[in-house]
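Take a look at the structure below.
The values are calculated or read from the model by the stated rules, or taken from the named source; none is laboratory data. What you see is a predicted model; the values in this text were computed from it and never measured. So basically every Cβ, Gly included, is an ideal-geometry build from the backbone, and we count neighbours across all protein chains shown. Just the protein is used for accessible areas: all its heavy atoms, side chains included, with ligands, DNA and RNA removed. Shrake-Rupley method; radii C 1.70, N 1.55, O 1.52, S 1.80 Å.
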Amino acid sequence: MAKTGTTTQGLRAAIERSGYYPALVAEAVEAAVGGEPVASYLVHQETTFDSNEVRRHVTVLVLTDNRFIVSHTDEQNADTSSPSPYATTSTESVKLDRISSVVVSRVVANPEKYVPGTLPREVVLTIGWGAVSRIDLEPAACGDPNCEADHGYTGNSTADDLSLRVSEAGDGPDTVRQTLAFAQSLSEATAAIAATGR
């Protein structure tokens, strides 16, 4: 389930409609937003299956005039560290001028018949601001198949701050539409910041 909009009251209502620990999620998000007006938001809940357990997760993305705020809330079953189930909520506030990339990947069925405006069947929104990077390394080699020398390692560093996947089949067409709308608002905000040099 995803909801998007442009008001603080709408954000609170979307968090409550998600039904996922709304008091906990709303308090964390509202504390991070502070008194700033909300320009756009996206609330996305997903369910994952981990072995024999079902886990829920909610991501709340908020855009203000100056910041991008991301909140994650996960539930955990009782374990050795806690005798009762618990939830973990984290928020991160990122200045808009730190956002280095907004990537929207669209999966479209039958591209030869694509009509502009048709919703993709899947969207992956990836946002990078340099907080988390993933490094994939592998042994380096030379062109000589008989060479046994150590050539060190080679690899790639990839920004991996936030990646959110939604699909028409799993989340519904409204969720896909809302994710695209939030991505557009964020792209426009970062472009405006870059243009003004703030």
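Values as computed for the structure displayed
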| quantity | calculated |
| --- | --- |
| Selected from R106, R17, R55 as most flexible by GNM, with the chain as the system and alpha-carbon contacts under 10 Å | R55 |
| Lys, Arg +1 and Asp, Glu -1 on Cβ, resulting dipole of the chain about Cα centre, debye, nearest 20 | 880 debye |
| Over the chain: helical MRE at 222 nm, DSSP H runs n ≥ 4 each giving -39500 (n - 2.57), nearest 500 | -8000 deg cm²/dmol |
| Per-q log10 I(q)/I(0), the stretch 1-82, q = 0.14, 0.15, 0.16, 0.23 Å⁻¹ (Debye; single scatterer per alpha-carbon; no solvent) | -0.47, -0.53, -0.59, -1.03 |
| The chain: projected area of the alpha-carbon convex hull, averaged over directions, in nm² | 17.5 nm² |
| Potential extension, R106-H151 segment - 0.36 nm per residue separation minus Cα distance | 12.4 nm |
| Kyte-Doolittle at least 1.6, axis length at least 27 Å by Cα - qualifying DSSP helices, the chain | none |
| Positive-end extreme of charge dipole, the chain - chosen from T47, T73, L180 (charges on Cβ) | L180 |
| For the chain: relative contact order, % (alpha-carbon pairs under 8 angstrom, 6 or more apart) | 18 percent |
| Charge dipole (the chain, unit charges on Cβ, about Cα centre) - positive-most of A14, V108, A28 | A14 |
| L24 versus E188: modelled label distance in nm, points set 7 Å from Cα along the beta carbon direction | 3.5 nm |
| Residue of G130, G34, G19 that the Gaussian network model of the chain assigns the largest fluctuation, springs spanning Cα pairs under 10 Å | G34 |
| Heavy-atom accessible surface of the chain: percent carbon and sulfur, 1.4 Å | 49 percent |
| Selected from Y114, Y153, Y20 as most flexible by GNM, with the chain as the system and alpha-carbon contacts under 10 Å | Y153 |
| Cα extents of the stretch 50-154 along the three principal axes, largest first (Å) | 57, 53, 37 |
